[in-house]
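Note sheet for the following structure.
FYI, it's all coordinate maths here, none of it is from the lab. The shown structure was predicted, so the numbers you read here are calculated from the model rather than taken from an experiment. Heads up, the Cβs are rebuilt from the backbone with ideal geometry, glycines too, and the neighbour counts pull from every protein chain shown.
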Amino acid sequence: MRTLIKGGTVVNATGAVVADVLVEDETIAAVAAPGVFENADKVIDAAGKYVIPGGIDAHTHMEMPFGGTFSADTFATGTTAAAWGGTTTIIDFAVQAKGTSLLSTLDKWHEKADAHCAVDYGFHMIVSDVNDTSLKEMESCIAAGVNSFKMFMAYPGVFYATDGEILRAMQKATDTGAMIMMHAENGIAIDQLVAQAIAAGRTDPVEHGLTRPPELEGEATSRAIQLAKVTGAPLYIVHLSARHALAAVAQARDAGQNVFAETCPQYLFLSLDDLAKPDFEGAKYVASPPLRPKDHQDDLWRGLRTNDLSVVSTDHCPFCFVEQKELGRGDFSKIPNGMPGVEHRMDLLHQGVVGGKISLARWVEVASTTPARMFGLYPRKGVIAPGADADIVVYDPQATTHVSAETHHMNVDYSAYEGWELKGKVDTVLSRGSVVIAGNAFHGREGHGKFLSRDLSQYLV
Ligand code: DUC
Ligand code: ZN
Ligand code: ZN
Ligand code: ZN
């Protein structure tokens, strides 16, 4: 099967050029001057549109257990929503429960995902129980293509790891070439602030933000960086939200340390003002770290330009407003932490291109190419080039995306961006050569997506 994508502007992290893209079966066969190839079984007209490598969302949580409930998207619904939004690969987090093994956790996540995903997927592993067995099991995870391990400095009693436990896992990462991913918030101090707020009767959603101040993200980020320095481990700070944390990352990178960071669209576009919306509406915006005062946004956009922030992922972790977010009415600390986002990352980031905050090539780089390199998927993913998987998005920069819970495909009853009109729209999406989105319809299928056994990070050699 030969598919020809004709006349579009092919955008890679290295720049843009008008070219035709020839796809043979699941792979890109050629990128050539317009008109070089004539014959194909199927022709997609991309004139006036961008042809970009499919988005890679390196941070999602489908069917994730949290506080007695589960995030509302299954792997089937979440990866379908991803496809609608031009994301053709997700990397989801398998979550080790305390007292269980990493390998049984991995089996469990394969059971949830295998044969259900509409696009390709890989896993990171959340290590919440550091002991001799799980440290040893990290090696087996790596052999199984899961070589990035998230740890938490937040959530004492649940996922929290002590500095000593973090140190031990980092030593293992140094020995094996694995990546440590860090949720960097000082959970011990935060829990005190939370308890004090509740005791004082301050129970509204905005208190979620006020009890998790940016200084405690900055402090934890610095501490993680020092632990990484002492152990020699590579470190990837997830969902960085505050300028305090960004400053710590920038300093470490300037000093030559292998420290990387991602941010998320919600930190670039939303703020503490959203968390402060009345009538419990703010609960829709409860995620950790919390949304910050608006003036952090300029720093994050700058970080994206300077590469101190090198990836934008969503931290997609949807909980329905009705019945799930409502668990925290009268006590903000019981609101499940997380926001939906997997469907709108590419469009939201495109607003940065439209607004002159990042270049077209940088858009592709932070949304696809760097995540591929960071997590060992390049050049199979993250680039429009011969030999790469034909994960391709034809993107119309002139069309408009209307965001609403009534029309989105995520399995959640609200949108954090309700009513927003975004410039640009996903037109056609190919996943390994198969058209999964075209003509405003889904043509994919549950089970098309394959598990990606990942190589070690390509930033660490
Ligand atoms: N951290 C995440 O990465 N996702 C959901 C909740 C959290 O604290
Ligand atoms: Zn299914
Ligand atoms: Zn986290
Ligand atoms: Zn997350």
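List the longest stretch of the chain that has no exposed loop site; here a site is one of the GluC sites (Glu not before Pro) assigned by DSSP to anything other than H, G, I, E or B, with at most 12 other Cβ within 10 Å.
39-322
For Cα pairs less than 8 Å apart in space and 6+ apart in sequence, what is the mean separation divided by the residue count of the chain, i.e. the relative contact order in percent?
That works out to 22 percent.
Check ILE237: other-chain or 5+ apart residues with amide H under 5 Å from its amide H, H built from backbone geometry?
Distant-sequence amide H within range of ILE237: MET182, PHE260, ALA261, GLU262.
Quick query: amide H of MET64 versus all other amide H atoms, modeled in the peptide plane; which residues come in under 5 Å with a sequence gap of 5 or more or a different chain?
SER71
Beta carbons within 10 angstrom, averaged per residue: use that to sort the peptides 244-255, 263-274, highest first.
By packing density, highest mean first, the sequence is 263-274, 244-255.
In deg cm²/dmol, rounded to 500, what helix-only [θ] at 222 nm does the chain give when every DSSP H run of at least 4 residues adds -39500 (n - 2.57) and the total is split over its residues?
Mean residue ellipticity at 222 nm (helix-derived): -8500 deg cm²/dmol.
From the square roots a ≥ b ≥ c of the eigenvalues of the alpha-carbon gyration tensor of region 1-145, which class results: rounded (a/c under 1.5), prolate (a/b over b/c), or oblate?
Judged from the Cα gyration tensor, region 1-145 comes out prolate (a/c at least 1.5, a/b above b/c).
At q = 0.07, 0.10, 0.12 Å⁻¹, what is the log10 ratio I(q)/I(0) for the chain, with the Debye formula run over Cα points and no solvent?
These q points yield log10 I(q)/I(0) values of -0.32, -0.67, -0.98.
Quick one: which of LYS136/LYS172; LYS150/LYS172; LYS112/LYS450; LYS425/LYS450; LYS108/LYS381 span more than 20 angstrom between C-alpha atoms?
LYS425/LYS450; LYS108/LYS381, as the Cα separations exceed 20 Å there.
Could you work out how far apart the two model spin labels at ARG305 and PHE70 are, taking each label as a point 7 Å from the Cα in the direction of the beta carbon, and quote it in nm?
4.4
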